[in-house]
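Colleague: Here it is, the structure, as structure tokens.
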Amino acid sequence: MRILVTGGAGFIGSNFIRMYLARHPDSEIVNLDKLTYAGNLENLKEIEEDSRYSFVKGDICDAGVVDDAMKGVDAVVNFAAETHVDRSIGDPDAFLKTNVLGVHILLEAARKHDVGRFIQISTDEVYGPAPDRPFSEGDVLTPRNPYSASKAGGELLARSYFITYGFPVIISRAANNIGPNQYPEKVIPLFVTNAIEDKPLPLYGDGNQERDYMHVLDHCSGVEILLEKGEPGEIYNIGAGNHMRNIEMAKLVLDELKKPESLLTHVRDREGHDIRYAIDSSKMRALGWEPEFGTKAAILDAVHWYAANRDWWEPIKSGEFREFYERQYRSRLEEAGA
Ligand code: NAD
Ligand code: TYD
């Protein structure tokens, strides 16, 4: 099986490529990635010499590059996206381009090349907040920020290709992923690395928001199952049910690293902050998917990875990240007196 993985230099894509090549000796993977601030070829160092793997630097919005990369491909897994909610609030442009128009370019090329399976990696955030019950695949989509709205746009377009053209699209909607190689703008790597550096942990609002923190390898094994057994035209929620409130998660991180709770700093809330995400993953479980990591195990695995891999995140935090951090947190931390 020759798979085109897009966005494979990012967090989930790189974990997926490493896992898939290790478990499928006869597979070949082409990784098409633009290498935005979030793309990092260091994530793929251990397989860069593998003859079954090749890398193409390119944008999924570039029809020529995409057409070339699509040749001889049996399946596409589209991870490429702009992914950070806070950045989407500051500047939605790139989100609309990559997460909607980019999906269109990929779908057109994949259809032209008669690709057998197209997995569109979406998110549980398309449902919007779930204060009192988990959402199922048939529930209404109510995305509330530019990131989740753009992801909803991308997956609706992908689904339309199944309905209109019979093109074999499968959509996954995953919960928050955590684990190795996650860019430290997302809350867990941000909090872990800040704690290691004795910097404040900027907790939005009262910290009572809740997320379902799935280990990235559990998400990757779900995508692997969808490649084999997913039904074209269907949508699959992938969440481990690892719910934890942000404030509890922050305390767990501090406790594990033996850092004082005084680092916890309540700052001005995110605009339109979704209180809770929750999904019912029984459809995925019916395909045989079973997450390996519970809540605490997933979070602690991430804590230990960042503690052991400072050489991975320290260069990131001293680069582009610094400007972003200033923009996003300086006034918040000043208002909070930190
Ligand atoms: P990430 O930000 O770590 O990586 C995104 C990758 O896509 C980067 O390597 C980047 O260079 C690449 N990319 C961005 N724009 C591109 C373009 N125009 N052309 C080609 N490559 C481009 O993201 P992630 O956390 O690994 O997320 C991967 C996918 O999973 C995304 O589609 C995201 O919406 C989805 N998802 C993520 C989570 C999560 O918790 N991280 C949860 C559910 C779904
Ligand atoms: P994030 O990792 O950005 O994922 P998402 O918003 O896509 O779920 O944020 C996870 C939760 O952590 C969310 O409730 C917002 C909160 N959060 C903070 O409290 N402080 C922060 O600095 C960040 C980045 C997030």
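Colleague: With a sphere of radius 14 Å drawn around the Cβ of Asp139, what net charge do the other residues whose Cβ falls strictly inside it have (Lys, Arg +1; Asp, Glu -1)?
Modeller: Combined, the nearby Lys, Arg, Asp and Glu give -3.
Colleague: Each label point is 7 Å from the Cα along the Cα-to-Cβ direction; what then is the distance between the points at Glu42 and Glu335, in nm?
Modeller: Using points 7 Å along Cα→Cβ, the separation is 3.2 nm.
Colleague: Taking the Cα centre of region 1-43 as origin, sum charge times position over the Cβ atoms of Lys and Arg (+1) and Asp and Glu (-1), and report the length of that vector in debye to the nearest 20.
Modeller: 60 debye
Colleague: Next up: Can you tell me the length gained on complete extension of the stretch Leu156 to Leu35, counting 0.36 nm per residue apart and subtracting the Cα distance?
Modeller: Residue separation times 0.36 nm, minus the Cα-Cα distance, leaves 41.0 nm.
Colleague: Also, I was wondering about something else. Name the residue farthest towards the positive end of the dipole of region 159-260 from the options Phe162, Val216, Phe191, assuming +1 on Cβ of Lys and Arg, -1 on Cβ of Asp and Glu, about the Cα centre.
Modeller: Going by the Cα projections, it comes out as Phe191.
Colleague: For Lys258, give me every one of the aspartates and glutamates with a C-alpha distance below 17 angstrom, ignoring sequence neighbours fewer than eight places off in its own chain.
Modeller: Here the aspartates and glutamates satisfying the reach criterion relative to Lys258 are Glu197, Asp198, Glu248, Asp301.
Colleague: In straight Cα distance, which aspartates and glutamates are under 13 Å from Lys34, not counting same-chain residues fewer than 8 positions off?
Modeller: Asp59, Asp62, Glu82
Colleague: I would also like to ask the following. In units of 2.2 N^0.38 Å, what is the alpha-carbon radius of gyration of the chain?
Modeller: 0.95
Colleague: Sorting check: for 293-302, 160-169, which peptide has the highest mean count of neighbouring beta carbons within 10 Å, and how do the rest follow?
Modeller: Ranking, from highest mean packing down: 293-302, 160-169.
Colleague: Charges at C-beta only: +1 for Lys and Arg, -1 for Asp and Glu. How large is the resulting dipole of the chain about its Cα centre, in Debye rounded to 20?
Modeller: 200 debye
Colleague: Of Gly128, Gly7, Phe293, whose Cα points farthest to the positive end of the dipole of the chain (charges on the beta-carbon: +1 Lys, Arg; -1 Asp, Glu; origin at the Cα centre)?
Modeller: It is Gly128.
Colleague: Report the net charge of residues surrounding Asn246, where surrounding means a beta-carbon distance below 13 angstrom and charges are Lys +1, Arg +1, Asp -1, Glu -1.
Modeller: Computed value for this residue: 0.
Colleague: Step through the residues of region 189-203 one at a time and calculate ³J(HN,Hα) from phi using the Karplus curve (6.51 cos²θ - 1.76 cosθ + 1.60, θ = phi - 60°), rounding each to whole Hz and writing x for Gly and Pro.
Modeller: x, 5, 5, 5, 6, 4, 4, 4, 8, 6, 9, x, 9, x, 8
Colleague: Hey, which of these cross-link pairs are over 24 Å Cα-Cα: Lys57/Lys283; Lys45/Lys283; Lys151/Lys317; Lys199/Lys317; Lys251/Lys317?
Modeller: Pairs exceeding the cut-off: Lys57/Lys283; Lys45/Lys283; Lys151/Lys317.
Colleague: Let me ask you something else. Long-range amide H contacts for Asn242: which residues qualify at under 5 Å (H placed 1.01 Å from N, peptide plane, sequence gap of 5 or more or a different chain)?
Modeller: Hits under the 5 Å cutoff: Tyr213.
Each value in this text was obtained by applying a stated rule to the coordinates, not by laboratory testing. Small disclaimer: the values here were computed from a predicted structure and weren't measured. We place every Cβ from the backbone using ideal geometry, glycine too, and count neighbours over all the protein chains shown.
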